[in-house]
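Worksheet: one structure, shown below.
Read-outs: derived from the displayed coordinates by stated rules, not from any lab. Note that the structure is a prediction, hence the values are computed from the model and not measured. Counting neighbours? That spans all protein chains shown, and the Cβs are built from the backbone with ideal geometry, glycine included.
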Amino acid sequence: MPKEKLQKSEEVYKYGSLARYSRRERILIYLADWTFYSLIYLIGKTIRFEKRGWENYESIGQNGKTPILAFWHNRIFLATYYFRHRGIIVMSSQSFDSEYIARFIQRFGFGVVRGSSTRGGVGALIEMIKLMRKGLPMGFSVDGPKGPKYVAKIGACMLAKKTQNPVVPFIVEVEKFWEVKNWDNLQIPKPFSRACVHIAEPFYVAKDASDQEIEKSREELQIKLDELVKIGENWRENIAK
């Protein structure tokens, strides 16, 4: 089945029911949904992107594999815009806030699996395994949804083991941004800034990997993402000169 038709048939690409919410809550969800979608879309349209390491991303499809994208949560704003309409599946927690988040990212062509590191995580991982076996890509903000900041969790590596698809660390670094005073200092790009997408080499986790080996894979992911932060910061400093 062509991927376009497959995506339309999958529930993860469809908006969830709001029947369990009150009328006031439904109005708030619709307002937040369209507000965040519009903000990301309008600012994203003004950003001038460049990319480095894109051959690492392209090599995955050439090798008959499907990517498991991994990134830090505080770069999620531009990551959402840049990787829009690629059918990428992300995990969303089971909370009121997650309802409008799920809806606006679905407007950008993402799919949503319900669950988190604290609620429904195992079930969500099983669903992601099934979807990957259908050829659908995945995305993980590996220190989300609540941190600690810049500490990679193990979910992406577990999925890599179960599906034998590669983990692809990346970062979207922006020239100028505002920081939100929350747990991860979320970056909101300033309009008309430059940005660079840095994609590291993908890596695999053996299908018979032990718990200890999976932890080593998580540490490898941590190192690669830490390196990408430094690369991104150096890029930003260089263009400011």
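Quick one: putting +1 on the C-beta of Lys and Arg, -1 on the C-beta of Asp and Glu, what dipole do you get for the chain around its Cα centre, in Debye to the nearest 20?
Its charge dipole is roughly 900 debye.
Filter the chymotrypsin sites (Phe, Trp or Tyr not before Pro) in segment 140-230 to those in DSSP coil with at most 16 other Cβ atoms within 10 Å of their Cβ, and list the result.
Filter output for segment 140-230: 150, 183, 192, 204.
Which loop trypsin sites (Lys or Arg not before Pro) in segment 1-107, with loop taken from DSSP, have no more than 11 other Cβ atoms within 10 angstrom of their Cβ?
Passing sites in segment 1-107 are 20.
Give the cross-link partners of residue 190 among the lysines, using a straight C-alpha distance below 21 Å as the criterion and excluding same-chain residues fewer than 8 apart.
Cα-Cα hits under 21 Å: 45, 51, 176, 181, 230, 241.
Measure off 7 Å from each Cα along the Cα-to-Cβ vector at residue 129 and residue 39, then give the distance between these two points in nanometres to one decimal.
3.7 nm
Convert each backbone phi in segment 75-86 into a coupling constant with the Karplus relation 6.51 cos²θ - 1.76 cosθ + 1.60 (shift: θ = phi - 60°), then list the ³J(HN,Hα) values in order as whole Hz, x for Gly and Pro.
Along segment 75-86, the couplings run 9, 6, 4, 6, 4, 4, 6, 5, 9, 5, 6, 10 Hz.
Output wanted: per-residue J couplings in Hz (rounded whole) for segment 145-153, from phi through Karplus 6.51 cos²θ - 1.76 cosθ + 1.60, θ = phi - 60°, x for Gly and Pro.
x, 10, x, x, 4, 6, 10, 6, 8
Counting only other residues whose beta carbon sits under 14 Å from that of residue 221, what net charge do I get with K and R as +1, D and E as -1?
Spelling it out: positives minus negatives among the neighbours equals -3.
Per residue of the chain, what 222 nm ellipticity follows from adding -39500 (n - 2.57) for every DSSP H run with n ≥ 4, rounded to the nearest 500? Walk me through the numbers before you get to the answer.
Numbers: 8 runs with 110 residues, N = 241.
Mean residue ellipticity, 222 nm, calculated: -14500 deg cm²/dmol.
Apply the Karplus parameterisation 6.51 cos²θ - 1.76 cosθ + 1.60, with θ equal to phi minus 60°, to every residue of segment 233-241 and state each ³J(HN,Hα) to the nearest whole Hz, in sequence, with x for glycine and proline.
Per residue, the Karplus-derived 3J(HN,Hα) values read 5, 5, 4, 5, 5, 5, 6, 7, 6 Hz.
Treating the Cα atoms of segment 3-240 as identical point scatterers in vacuum, please give the log10 of the normalised Debye intensity I(q)/I(0) at q = 0.12, 0.15 Å⁻¹, two decimals.
-0.66, -1.07
What's the local net charge at residue 176, with K and R +1, D and E -1, over the other residues with C-beta under 12 Å away?
+1
Percent relative contact order of segment 3-240, based on C-alpha pairs within less than 8 angstrom and at least six residues apart?
About 25 percent, as a whole number.
Just for segment 3-240, what percent of DSSP beta bridges are antiparallel, to the closest 5?
Bridges in segment 3-240 are about 35 percent antiparallel.
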